[in-house]
Every structure is written in C-alpha cells, then in structure tokens.
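Trainee: Could you have a look at this structure, given as structure tokens, before my questions?
The values are calculated or read from the model by the stated rules, or taken from the named source; none is laboratory data. Computed from a predicted model, the values in this text were never measured in an experiment. As a convention, Cβ positions derive from the backbone with ideal geometry for all residues, glycine included, and neighbour counts pool all protein chains shown.
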Amino acid sequence: MYKYIVMLFLACLLAVPTFGNGSEKSKNLFVIVTTDDPITQLMSMVLATQTMKKGATVNILLCGEAGSLAVKNSPEILLKPNDKSPQMLLKNLIQNGVNVELCPPYLPNKEKNTSDLIAGVSVAKPSMVADKLLHENTKILSY
C-alpha cells in the first residue's frame, strides 16, 4: 500500500507545472528596453532569445534611446564574444515571431516616421501593452 501512495505522490509532483522546464501552459515574457548601453541591450536580446527557445511568448517594447534599435541604418556595435549587435539579435527575434513595439513618443520626438523602422516593428498601443503587462502569467524584465 505504501508503495502505491509514493507512486501517486510522485505522479502528482511530475504533473505540477513550473516555469523552467517548459511544462507550464502559458508563459509570457515582456521585455522593456530603454537603455542606450549596447552591452545591456545585447543581454536583453540574449535573454529574450533564450526564453523564446524555451517556449515562452516574448514581447519587446523599445523606449527612449533603445528605440534606435528599431530604426533602419542605426549604428551597430558588434560585441564579443560572438561579434553580434543588439540589432542582429532583435531582427532574429522578429523573424521568429516575437512582437516588437516602439513607444509612441519615440518617432515624433526623433523626427522619424514608421517608414524609418525595420520590418516587423510597430508603434505600441498603450492599452494593448497594459493588457499584456497585466496578464497573470507574464514576467516583466526592464533594462
């Protein structure tokens, strides 16, 4: 009898979802990037990439100086050890279906318009961003 109770207990433990092993039904990561520091920008893209690869839905919001990551022909800094730029990783995330949005005040205050943005980036709608932020299974990272 004891053996069956232990087996039932172990089966229940295995059925409990956790964020780290990919078994949770709905995982969301919302990454907000505002920094102009390319190393921090790169790390935010690395963590977004790894989280996406583990099955989470990833959304990225670029605000402030980080908005330049979404602008065509922005200067790129290749960083060691892989000689990648934050823009390279951002474009890869977009190609893999990650939603990337730009804070609405960015374009008019930088005298840019939507045609200046790289493919796959849109201007955020604050009410929709708020809905994503408030989703109970959303983790928020801010850089």
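Trainee: Inside region 77-124, can you point out the residues that are under 15 Å from V31 (Cβ atoms), β-branched (V, I, T) and touching an Asp or Glu at 6+ places or on another chain (Cβ under 8 Å)?
Mentor: V121, the sole residue that qualifies.
Trainee: Considering only residues that are under 13 Å from the mean Cα position of the chain (by Cα) and either surrounded by fewer than 19 Cβ atoms within 10 Å (Cβ to Cβ) or at pLDDT below 95 (or both), which ones fall in region 54-90?
Mentor: If the condition is that a residue be under 13 Å from the mean Cα position of the chain (by Cα) and either surrounded by fewer than 19 Cβ atoms within 10 Å (Cβ to Cβ) or at pLDDT below 95 (or both), then K54, G55, T57 are the ones that fit.
Trainee: Right, something else. Condition first: more than 16 Å from V46 (Cβ to Cβ) and surrounded by 16 or more Cβ atoms within 10 Å (Cβ to Cβ). Now tell me which residues in region 91-113 satisfy that.
Mentor: Matches in region 91-113: N99, E101, L102, C103, Y106, L107, K112.
Trainee: As an exercise: evaluate V100 against (1) on the phi < 0 side of the Ramachandran plot; (2) at pLDDT 95 or above; (3) over 17 Å from the mean Cα position of the chain (by Cα) and give the number of the one condition it does not meet.
Mentor: Only one criterion is unmet by V100, namely (3).
Trainee: Restricting the first residue to region 107-130 and requiring it to be touching a residue at least 12 places away in the same chain (Cβ under 8 Å) and over 15 Å from I94 (Cβ atoms), which pairs with a second residue that is in a helix (DSSP H, G or I) and among the charged types (D, E, K, R) meet a Cβ separation below 9 Å and a spacing of at least six or different chains?
Mentor: Listed pairs, sorted by first residue: L107/D116; K110/D116.
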